[in-house]
Structure formats: C-alpha cells, structure tokens
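A.B. asks: Next up is a structure, given as structure tokens.
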Amino acid sequence: MLFMSPLLKAQSTLVISLEEAQSKAINKNTSLKISQQDYAVAKAQYERTNAVLLPQIRLSNTSTLTNNPLYAFGYKLLQREVNTVDFDPNSLNNPGDVENFNTRIELVQPIINVDGWKERKTANLNLEAKNLQADRTNEMIELEVTKTYLQLQLAHKSLEVIEKAKETAIQNRIWAKNNLDQGLIQDAAYLNMEVRVAEVENKLQLARSNVQNVSDYLAFLIGEESKFTFKPNTELLLTDLTFDQQAGLNQDRKDIKAMKISVDAQEQMLQSSKMSFVPRANAVANYEWNDDTVFGFGANNYMVGLQLSWDIFSGYKNIGKIHQEKAMMEKASLSQQKYIAESELELNKVKRQFTDAANNVKVSNLAMDQSKEVLRMTTNRFNEGLEQSKDLLYAETQFQEKELEYVQAIFNYNVTLAYLKFLTR
C-alpha cells in the first residue's frame, strides 16, 4: 500500500500541452459539434431548393369501384372495352358495378420559377454564412481553451507559491517553538505563528480546489472526462509577443462577414417575395395504364403539356409577405451595423486593457522584488532578535501577496493579448 500510494497519486495528474488541448477541443468539443450540425441543417435546406431545377416524378396506383353512370362509362373507355351494347340507354343509365385499376407515372419539370430561384440563392448565402459562423466558433473555442489553459497555469503557479509560503510558515513556527521553550519569546509570538500556519493551510486548500475547478472546465472544453487533474507542461511566463496598437477591426473577420452575407440573404428573400407575382411555367407529362384487374397493364395512354400559372391575388398573402421580408431585411441591416459598432467598442476597450496590463506587469514585478528584499531583511533582523514576530508575519504576507499579484498580472497580460489577436483575426 505504501508503494502504490504515490503511484496512484501520480496517475491522477495528467500533463497536457496547449497544442494538445486545442487539438482535442477541435475534435470533441460539444459547441463545435453543434455548430457543425447548424451547417448540416443549412446544407440540407439548400439541397431542398434543388426542387426548382430538378423534375418531380410520382408513381401511383388507384383502385376504384363505382356504379356512377358517368364514371363507369369513362372507366370502360379508359380500359378500351366499350362495345356497341354499352351505348344502350339501359346500360348507360344502369351500368352496374365497374372496377378500375389505374397505374400512373407523373412528371413535372419546372421551367420558369423565379421566386424559387431567389429562394435557392438565399439558401446558398445562408449556407455560406453558417460555414463562416462555424469557423468563427472554432476560433472562439480555441480562444476559450487558451484562456482556460492560462488559468490552469495560474492556478498551479498560485498553488506553488502558497506551498512555499506554508513551508516558510512551518519553519518559522518550529523556530518560534524552540525559542518559546527557551523562554526567549512570549506565548503571543508563538500563537501568531500558529495562526499564520492555519491561514496558509486554508489558502492552500482553496488553491487546490481552484486547480481542480479549472482542470474540470478544461476537460469539458476538450471533451474528456474529469477523472484527471490536468497540469500544463509549461509554466506561466510572460508572452514576449507585442501587439500593434494601430490595428483596426478587420471587416473580413468571419463573424462580421457572416452577418454581411446574412443581410444579402435577407435581401434575396425579399426579391423572392416580389417575384411571387411572376408567372410560373412547368412541363407536365404522365403515362398511365387502366385495367379491370389489380396492377393490370391492359390499356395505356399518355399526356404531355405545358402549364402556366399566375397568382394574381391571394388575399393579400403575398403583399403581406413582402412587407414582412422588407422589415426583416431592415432589421438584419441594423443588427449588422450594431454588431460592427459594438465590435469597434470592444476592440478599443481591450486595447486600453492591454496597455494597462503591460504597465501592471512592470509595477507588480517591481513591488514583488521590493517585498522580497523587505522579507529578507526582516527575517535576518528577526533571527537577531531585532524584530517582532508580527513584523515577520507581515513581511511574509506582503511578499506572498505581491508574488501572487505578479503572476496574476502575467496572466492578465497573456489573456488580453490572446483576446486582442482573436478580435483582430
């Protein structure tokens, strides 16, 4: 059991790289799978518009039994079984039961369907927009994985800092206990050391929980079970990449381009509604067999023709649809303008955040170095009996806080830089 305990502990931690996490997310992330299905739905809707180009073929078989004089004579005529006796008035008026089995193949070939062509164009534009949105979702998931990975680095680094603080607190408590036994310090000084150890242990537990929470979220993003505690294969370091502050909003960014295409699609839908007043032309043809036995092929005939139709007035239905599509097009155009304006605001805000983050890294690094030097001098003076325990505890706490602030500043800088690259991508 003693041999297996460290082995089991090692198995619960899984080291992962950023590239590996992003690769897993592309293949397994649920949001990406949903966006792919959105694209599949749009593709299926586009395939449905093939009906305005391709023929429609229908096969039917109808069985009929009647004593209606008109239908009965007609069925005999279709079966080509009319005889002289069938023209007798008694036979015409009282034909008896006549059975007919009709097997028919019908074909309708669209020739002119202008509103259908516009709907097909709309479906094609929607398909293109969904494809761009799926690509943008891919980029969003990539950004989210990057941010979570950086959070994981921060969580592990914070845990490491607090673990070091705990080691220092325990050493100071041991030193204080020895001095207390020798009568060199008061009970209050030793109790301060005990309180310090308890505080650090509490922070350590919170840090461990934070590591597990971030690890679970990363597992969710990459489609893995949260049975491991993920650990990054690299430490949290300051990204050396710089960013051009003059970079503006890219109008060809996939989400912005998708909105522009959506506006074009809505315009095509408006044109389709207007074209509903244009006549339609279809070629029609059918070939049929009529017999007095099931699935009989005794008598056959055919019919071909050209069908022209024109919906002159449909109870204000078409006019109302035009008004609806026009309003929806205006709404889509306004939504596009709003989205671009909000994207501009977001980009400018993040640029300022990036400047602040870069400045905060410098300031927090300087503060950490100064607090480290203060802790060193205070520790030396405390060991010589020139400082009180509360001064040492204050110096330790300050150094720990400044070290955590510095790693937090690095995290903020790296995350802001990644977000800027996402916005200007």
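A.B. asks: Hey, can you tell me all the residues within region 27-68 that are surrounded by 12 or more Cβ atoms within 10 Å (Cβ to Cβ) and part of a loop (DSSP other than H, G, I, E, B)?
C.D. replies: N29, L53, P55, N68, listed by residue number.
A.B. asks: Also, I was wondering about something else. For region 14-26: of the residues being surrounded by 12 or more Cβ atoms within 10 Å (Cβ to Cβ) and not hydrophobic (A, V, I, L, M, F, W, C), which is farthest from K130 (Cα to Cα)?
C.D. replies: The extreme case among them is S17.
A.B. asks: Is it true that some residue in region 335-350 is of a type in the set (V, I, T), exposed (fewer than 12 other Cβ atoms within 10 Å of the Cβ) and more than 30 Å from M193 (Cβ to Cβ)?
C.D. replies: no
A.B. asks: Limited to region 73-114, what total is found for residues that are out of contact with any strand residue (DSSP E or B) (no Cβ under 7 Å at 6 or more places or on another chain), assigned to a loop (DSSP other than H, G, I, E, B) and either modelled with pLDDT of 90 or more or surrounded by fewer than 17 Cβ atoms within 10 Å (Cβ to Cβ) (or both)?
C.D. replies: Final tally of qualifying residues: 6.
A.B. asks: When you scan region 177-227, how many residues do you find that are farther than 20 Å from I26 by Cα, among the hydrophobic types (A, V, I, L, M, F, W, C) and surrounded by 14 or more Cβ atoms within 10 Å (Cβ to Cβ)?
C.D. replies: Qualifying residue count, region 177-227: 9.
A.B. asks: Further question on the same structure: Looking at region 301-330, which of the residues that are touching a residue at least 24 places away in the same chain (Cβ under 8 Å) and of a type in the set (D, E, K, R) is surrounded by the fewest Cβ atoms within 10 Å (Cβ to Cβ)?
C.D. replies: So, considering only residues that are touching a residue at least 24 places away in the same chain (Cβ under 8 Å) and of a type in the set (D, E, K, R), the one surrounded by the fewest Cβ atoms within 10 Å (Cβ to Cβ) is D311.
A.B. asks: Need pairs with beta-carbon distance below 7 Å; first residue within 21 Å of A418 (Cβ to Cβ) and within region 16-35, second open to solvent by 80 Å² or more (accessible area, probe 1.4 Å) and not aliphatic (A, V, I, L, M); sequence gap 6+ or separate chains.
C.D. replies: I16/N233; S17/N233
Residues checked against (1) closer than 30 Å to V214 by Cα; (2) in a helix (DSSP H, G or I); (3) of a type outside the set (D, E, K, R):
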| position | (1), (2), (3) |
| --- | --- |
| L150 | yes, yes, yes |
| L154 | yes, yes, yes |
| E163 | yes, yes, no |
| K166 | yes, yes, no |
| Q171 | no, yes, yes |
| I174 | no, yes, yes |
| N178 | no, yes, yes |
| I185 | no, no, yes |
| A189 | no, yes, yes |
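A.B. asks: Separate question: Among the listed residues Q246, Q205, identify the single one that is without any contact (Cβ under 8 Å) to a residue 12 or more places away in the chain and over 32 Å from the mean Cα position of the chain (by Cα).
C.D. replies: The unique qualifying residue is Q205.
A.B. asks: When residues of region 314-358 are filtered for being over 25 Å from the mean Cα position of the chain (by Cα) and either farther than 30 Å from S262 by Cα or of a type in the set (G, A, S) (or both), how many remain?
C.D. replies: Residues flagged as over 25 Å from the mean Cα position of the chain (by Cα) and either farther than 30 Å from S262 by Cα or of a type in the set (G, A, S) (or both) within region 314-358 amount to 11.
The values are calculated or read from the model by the stated rules, or taken from the named source; none is laboratory data. Treat the numbers as computed from the prediction; the structure is a model and nothing was measured. Neighbour counts are summed over all protein chains in view; Cβ atoms, including those assigned to glycine, are modelled from backbone coordinates with ideal geometry. To get the accessible areas, we keep the full protein, side chains included, count just its heavy atoms, and leave off ligands, DNA and RNA. Shrake-Rupley method; radii C 1.70, N 1.55, O 1.52, S 1.80 Å.
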